[in-house]
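Working notes for the structure below.
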Amino acid sequence: RCLLKMVKGNIIVPEDILSFCCNGLQGSTSPPRAREPEEREEAPGAMASPSPAPNPTEVQMSQLVLPCHTNHRGELSPGQLLKWIDTAACLSAERHAGCPCVTASMDDIYFEHTISVGQVVNIKAKVNRAFNSSMEVGIQVSYEDLCSGKQCSICKAYATFVAQGPLGSKVRLEPLTPQTEEEKIEYSIAAERRRMRLVHKDTLKDLLTSSPQETERETRDGSEAVPAERTRVESVELVLPPHANHQGNTFGGQIMAWMENVATIAASRLCHAHPTLRAIEMFHFRGPSQVGDRLVLKAIVNNAFKNSMEVGVSAEAYGQEMSISRRHINSAFMTFVVLDEEGHPRTLPMVAPEPGDGERRYREASARKKIRLDRKYVVSCKQTEVPLSVPWDQSNKVYLSYNNVSALKMLVAKANWVLAREKEKVRMYTLEEDKFLSFRIEMSVCITASRAFSLLSNLRRRHEWDSHYVSAELVQKVDDDDMIYHVVSQKLRNEKKPQDFVILASRRKPCSKGDPYVVAFRSVTLPTHPARAEFTRGETLCSGFCIWPESEEMSKVAYYNQAMPGYLNYVTTNVAGLSSDICSTFEACEKFLLKNKHDLISRLQD
C-alpha cells in the first residue's frame, strides 16, 4: 500500500519492485502510470532554461537545539555551535579534496543573535575557492523557530582547510569552477580575503608601531580597576577518542569549544555575571594534537572597554611525558558583553594590566578593537553601505584596499549586463541595479595582458589618452600594489569649476589561471589634501580595469564604472547614442596601448 501511494505521489519506484508489488496486491502486470510532465502546471510565460548544476561541495546540516547543548539561560552554547560549524565546513572541504582535510584557520565571526532550546540551527557550507593545497569554505548559519516558522541569520564565517595525504603530506587540489553569480563573486573575492589573512599580523604591528607607547587610561565613575590577574584561567583537558576526528587528530571544533569555555570563565570573573559572546577574532591552528595529548587552555581578560571586553585565550599540547615541552597549537581573541534585562550592554569595570606582558596585551587589545571596527565598517557591510571617501590611514589601509578590489570584482561577476551599444570593436554594456547604473566598455587589443596592466595602472599617464584627465599627482605610495593619487579633471557641462579627486588605486596580478589583471579605483580622504575652493571635490565609488589574456599577444581590456549621480546624464547620453564620447575615449586608450606596448623607456618608468 505504501509503495502504491508513493507511485500516486509521483515518486518513481524501480520497475521490478513496483511490478512485484502490483502483481502481488492487485494481480496486474502494468503498474499505475506516473503523471506525465505535460500535466504539471507552469507559470504563465515561463521559459525552460537550464539551471546551473548544484554545487557538489555544498553541505547542509540541521541540528535541533536540545537542553544538553545549552547554557544556564537555555541558549545554545557558542562552543557547541563552533563544533557544528567546523564539522559542516570540514565535510564540504573533503567533498572537493576527496581526501582528509584539517582546519587551518577560521576568520572573524560576529554573532548577531542567540539561539534558544527547541529551535533548529541550519548550517550551509560550500567551498568558495581552491588554491594549491588549501581552500576557503564559506559557512552560513541561521536559526529556525519550528512553532512560528521564523528564520533569522546568526553569522557568516570563512574557514581555511588544508588537504592532507599519507603521513600528513600536502595534496594539490583541483581548481573549482563557479557556476552561479553568487559563486563567481565569492570565488573572485576569496583571493582578496586570503591576501588580507596573510598580512593581518603586519597590520597589527604597524598600528602598534605608529601608536604612542603610553596609552591614556579611561576613567569611569564609581568603579575600581580589577587586576587582570584575577581573571586568569588555566584548565587541562585529556584528548579522548570521542574528541578526535576520523583522522585521529583532535577535532578543530572541539578545541574551539574548549577555548570558548575558559574564555567565558575569565570574562565572568571580571564582571561577576554571565557574559555573552559577541565576536571571535581569527582562530589560527599552528599544529595538530592527537588522542592521548593533554591540552592546557589559558585565558585572561586583556582589556575592558566601556561595554565590551577582550579575552585572550591559547591552547598548548603535550604528551604523557612531562619532560617534552608544550606545543602552542592555537590562539584566539574573543569579545564579550554583559546584557541587562532589556538586552542592552552594561558598563563594565576597568582592568588593571600586569606590568610587562600585561601592558603589551592591553595595548594590543586596543589596537585589535580599532582593526575590528575598521574590518566591520569597511569590509563586512554591503558595498552600498560603505560611505564614499573613507578616511585613509595606516590601520585601515589593508581593509580599504580589500574593499576597493572586492567591490570591482563583485561588479564584474554580475550576470545581468546588457549590450547597449557596439561601435566597430568597442562594446558598451549597462547594468541597472538598485540605485546604481553601471556601465562596462570593452575591446580586444593586440598587447600582452601584463603590459596593458602596467600601463593602465599608472594614473600619471592617463591624461595621454583620457581627455577628461588634466593631471594626476602621486600623493603616497602605500606599497607596490596600492597608490593614492590627487586627480584633477576637466569641468563638467554646466559646472563652473574643474573637479578634483583623491583616489586609491589598487592593482592585483592574477592569483591563478583564468583570473584577470585588476586595477581598482575608489575615493578616499586624506588630511593632507582637503577640498579646495578652486575645485569641486568629486567622488568615485567603484571603477577600474580588468584585463584578460586571450592569447600571447591579444588581451581583452574592460573598463567598469558605477556611475555617481553627477555623471548619470553623461553616461545615459552615451548609452542612448546621443554621444560617442565614452567610445572615443576607449578607442584613444587602444591607440595609447598599441603605441607603448614596445616602449622600453615606458617600461623602465613603470
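The values are calculated or read from the model by the stated rules, or taken from the named source; none is laboratory data. Nothing here was measured: the structure is a model prediction, and the numbers come from that model. Please note: Cβ atoms are built from the backbone with ideal geometry, for glycine as well, and neighbour counts cover all protein chains shown. Only protein heavy atoms, including side chains, enter the accessible area calculation; ligands, DNA and RNA are left aside. Shrake-Rupley method; radii C 1.70, N 1.55, O 1.52, S 1.80 Å.
Key figures for this structure:
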quantity	calculated
Rg/Rh (Cα only; Kirkwood hydrodynamic radius) as it applies to the stretch 435-500	1.03
Carbon plus sulfur fraction of accessible area for the stretch 49-179, probe 1.4 Å, in percent	53
Where labels lie 7 Å past Cα in the beta-carbon direction, separation of Arg286 and Lys369 in nm	2.6
Simple spin-label estimate for Glu422 and His272 in nanometres, 7 Å along Cα-Cβ	7.7
Solvent-accessible area of Lys491 with every protein chain in place, 1.4 Å probe, in Å² to the nearest 10	120
Lys170 - accessible surface, heavy atoms, 1.4 Å probe, Å² rounded to 10	150
Largest-first ordering by accessible area, 1.4 Å probe, given options Glu539, Glu174	Glu174, Glu539
Surface per residue (accessible, 1.4 Å probe) for the stretch 385-596, Å²	45
Environment charge of Leu297, counting only residues whose C-beta is closer than 11 Å and scoring Lys/Arg +1, Asp/Glu -1	-2
Global size of the stretch 385-596 as Cα Rg and Dmax, reported in angstrom	16.5, 48
Percent of Cα pairs exceeding the 24 Å cut-off, where the set is the stretch 241-340	28
Average silhouette area of the stretch 56-207, convex hull of alpha-carbon atoms, in square nanometres	11.3
Solvent accessible area, Å² - Met309, 1.4 Å probe, full protein context	0
Accessible surface of the stretch 385-596, 1.4 Å probe, proportion on carbon and sulfur as whole %	50
